Amino acid sequence: MMSFDNNFPPPSTGGDRRLSTLLHSPLSSPPVAFQQSARQSSQQPSASRAARQSSPAENETTNSNLFDFAVRSNKSTSSKKTTTMTTAPAKLYGKNLSDYDELDVDQLLSQLSPEEISILAKEVDPDDNLLPPSERCSYECNKEATGPLNRKKLIEHINKQALETPDLPEIKPYVAGTVRGKKWVAPETNGNTEHEDKIAIDIDDEYGDALNTASQEEIIDLAAILGFHSMMNQDQYHASLLNKGQPIGLGWDGVTKATQPKVYPPEPPNQTDPEDSIKRVRDDDSKLLDLNWNNIKNISDEKFENLFNALVENTHLETLSLVNVGLTDRLADKLAEALEKNCTLRVCNVETNFISPVGIIHLVKSLLKQRSLEEFRATNQRSQVLGNKIEMELTKLIEQNPTILRLGLHLEYNDARHRIASHLQRNIDRIRQSRVGANSA
C-alpha cells in the first residue's frame, strides 16, 4: 500500500471517493504511473498547492482526470505484467523443516506435563504390531466398573435398548397398495426367446446320409476325433480315444460321475533274511549278485556292521539296496570304508535314510578309491536341502570320478546340476566309444 502526505486534499467528492477506493483496494497496488504523478505533485511549489486548495471545483476536476489517468495506466501495465512464481520452503509452526532435524525428541518429551503427554498419546497411533489393540486405541473410558461381566444381562440390555430406540422417520410413509419410487417394467418381447438362427452347411450326399443314419454314440466318437471337447464329458472323450465304447446312459446331457478308485493289493513285505544274507556275503556266494534289504524294520547296528565287514572281501555282489532301513552317519561311515575296498559293486542305493550331508560326502568320496561303482543313489535323507557348500564339494568329487554313470541326488543349484550332468554324459560317451572301438576291432 502507498501512503500520501498531508499535502493532498481529503477526498470529498465522487471522483475522490473512487480514487480512494482504488488506492485502498486489497486486490491490487497503485499503478506505477500514478505513483510517479503523485511524487511529481508532491514536489510542486507551495504556492500552486495553496491555489489548488483554494478552488474546490478545480480540485474536483483535477482528481477526476487523475483517476482516469490511473485507470488507463493500470490497464496498460497489467497487460505487460509477467508473473513469476517462487516456491517458498515448507514451514512448520513458523520454522523451516530443516530446523527440526537437530532437535532432541527425548528432551522435548521430558519438558511436557503428564496431561500434555496424554493428549499427545491420543493423537499418535504407534506403528507396532506387538501392542494389543486396547493400548493402540485412543478411546479411554474413565468410568468405574459396575461389577463383573454378565453376558446374559449385557445382551438383554442391548436388545432392550434396540427395541426402545425409535426408528428413523420415513421420507414417504408406507401405504399398503401403493408403489413408492419407480416400478420395474419388463421389456417387451416378441414371444420367441430362443435364437432361430441356423447355420447352413453344404455336405455331400454321401456324408449327409452317413450323418443322418449315425447313432448318438457314433456322433460322440466323431466329435472326440475332431477335438470338440466342449460337446462331451471326460468319460466320453477318453472312451472314444481308447476305443472302449461309449458309457451306457450318458448321451449328450450326461454328467460324469466319480470313478471308483482301483484297489491295488498291498506290497508284500521284504522276506529277505538278514542273517542268511550276511552269511552268504561273507562266504562270497557266486549266486548272490543282488542284495535287497529295502523296508526291513528293526535291523540292529551289529547286523549292518557285519554286512559291511563281509562286503570288503566279497567279489561277486554287484547291487546293494538299503532303502528305508534307518541308516545313520555312523553306519554310513562303515559303508564308506567298505566301498573303498570293494571292487565289484556296481550299484549302491541308500535312499530314504537318516544320513546327513557330511555323510553323503564321505560316501561319494569313497567311490574315488576303487572307481568301480556306476550308480549311486542317496536322495530323501534327513536334510532335504544340502546347501551350496555341500553341493559344490559333491560336484568336485563327481567330476574326479571317471566311472560313475548315474547319480541320484537332489541338487538345488543349477550350476551343480549342470556340471554333474555334463560329467555323467562325458563318462557315458567314453564308455560307448570304448565299446564301439572294441567291437570294430
| remark: Inside region 277-293, the number of residues satisfying the requirement of being acidic (Asp, Glu), under 14 Å from ASN306 (Cα atoms) and under 58 Å from the mean Cα position of the chain (by Cα) is 0
| out of contact with any helix residue (DSSP H, G or I) (no Cβ under 7 Å at 6 or more places or on another chain), more than 22 Å from LEU411 (Cα to Cα) and among the charged types (D, E, K, R), is that true of GLU340? | no
| query | When region 304-330 is examined, which residues are found to be within 52 Å of the chain's Cα centre (by Cα) and not hydrophobic (A, V, I, L, M, F, W, C)? | reply | GLU305, GLU318, THR319, SER321, ASN324, GLY326, THR328, ASP329, ARG330
| said: Here is a list: ARG419, ARG382, ARG432. Which entry is buried (at least 18 other Cβ atoms within 10 Å of the Cβ) and charged (D, E, K, R)? | reply: ARG419
| task | Pairs only if they're at least six apart or on different chains, beta carbon under 6 angstrom, first in region 133-157 and at pLDDT 90 or above and of a type in the set (Phe, Trp, Tyr), second open to solvent by less than 100 Å² (accessible area, probe 1.4 Å) and in a loop (DSSP other than H, G, I, E, B); list them, first residue then second. | result | none
| note | Picking from THR395, THR403, the residue that is within 21 Å of SER366 (Cα to Cα) and modelled with pLDDT of 95 or more would be THR395
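The values are calculated or read from the model by the stated rules, or taken from the named source; none is laboratory data. What you are looking at is a predicted structure, and each value in this text was computed from that prediction instead of being measured. Positions of Cβ are generated from backbone atoms using ideal geometry, with glycine treated the same way; all protein chains shown enter the neighbour counts. Just so you know, the surface numbers come from the protein's heavy atoms only, side chains and all, with ligands and any DNA or RNA stripped out. Shrake-Rupley method; radii C 1.70, N 1.55, O 1.52, S 1.80 Å.
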